[in-house]
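Read the structure below first, then the notes.
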Amino acid sequence: LIKITPNKEKARSMLKMVETTLEMVKQIDESKFSSNVAKEYYEIIRELISVILLLDGYKTVGEGAHKKQIEYVEANYNEFTKAEISLINDLRITRNKIAYDGFFVKESYVDRRIFDISRVIEKLKGVINKKNV
């Protein structure tokens, strides 16, 4: 965790990219590209967490950076349940398997989790909105 100067303009730009990615992922054929959908949902969540860290004046770099981001949210934002933190971490692990091991997830992977994924995304956006971006 590295201390930085909070940057609302950069945060707004990152949020715009999140919205673009959300729009794109909803257009992907989940039955054909379920691994890509899972990966994109993780990237959306990770980017929202990056915005929170940015607004709080932090960033993570290097090996284990994504895991540190999740730990930061768990330690500093008690509105997230253990189950939600666990879901984010599971998505991180799955994304790594997809990206580095050529792992394919079944369509049901996203189907079973989409409600909770959407809820986590909305909660993260809620935390960001409270910071008056």
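The values are calculated or read from the model by the stated rules, or taken from the named source; none is laboratory data. All values derive from a computational prediction rather than experimental measurement. All Cβ positions, glycine included, derive from the backbone under ideal geometry; neighbour counts span all protein chains shown. The protein model used for the area step is the full one, side chains on, heavy atoms only, and it has no ligands, DNA or RNA in it. Shrake-Rupley method; radii C 1.70, N 1.55, O 1.52, S 1.80 Å.
Pairing each residue of segment 64-87 that is without any contact (Cβ under 8 Å) to a residue 60 or more places away in the chain and more than 14 Å from Lys123 (Cβ to Cβ) with any residue that is polar (S, T, N, Q) and surrounded by 14 or more Cβ atoms within 10 Å (Cβ to Cβ), provided the two are 6+ apart or on different chains, yields C-beta distances under 8 Å for His66/Thr60; Lys67/Asn89; Gln69/Ser50; Gln69/Thr60. If you check Lys10 against the conditions, is it charged (D, E, K, R), open to solvent by 90 Å² or more (accessible area, probe 1.4 Å), out of contact with any His (no Cβ under 8 Å at 6 or more places or on another chain) and not in a helix (DSSP H, G or I)? The answer is no for Lys10.
Residue-level check: of (1) closer than 17 Å to Lys131 by Cα; (2) in contact (Cβ under 8 Å) with a residue 24 or more places away in the chain; (3) more than 15 Å from the chain's Cα centre (by Cα); (4) part of a helix (DSSP H, G or I), Ser35 misses just (1). Checking each residue in segment 66-83 for being of a type in the set (A, V, I, L, M) and over 13 Å from the mean Cα position of the chain (by Cα) picks out Ala75, Ala83. Listed by first and then second residue, the pairs with beta-carbon distance under 8 Å, at least 6 apart or on different chains, first residue in segment 97-118 and surrounded by fewer than 16 Cβ atoms within 10 Å (Cβ to Cβ), second of a type in the set (S, T, N, Q), are Phe103/Ser35; Phe103/Thr94; Phe104/Ser34; Phe104/Ser35; Lys106/Ser34.
Consider Lys67 carefully, then state whether it is over 17 Å from Ser118 (Cβ atoms), of a type in the set (Lys, Arg) and open to solvent by 70 Å² or more (accessible area, probe 1.4 Å). Spell out the reasoning first.
On the way: over 17 Å from Ser118 (Cβ atoms): yes; of a type in the set (Lys, Arg): yes; open to solvent by 70 Å² or more (accessible area, probe 1.4 Å): yes.
The answer is yes for Lys67.
Here Ile88 passes the criteria (1) over 14 Å from Tyr42 (Cα atoms); (2) part of a helix (DSSP H, G or I) except the one numbered (1).
Results for (1) in contact with a Phe, Trp or Tyr (Cβ under 7 Å, 6 or more places away or on another chain); (2) among the basic types (Lys, Arg); (3) assigned to a helix (DSSP H, G or I), shown as yes or no for each residue.
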residue	(1), (2), (3)
Val18	no, no, yes
Tyr41	no, no, yes
Gly62	no, no, no
Lys67	no, yes, yes
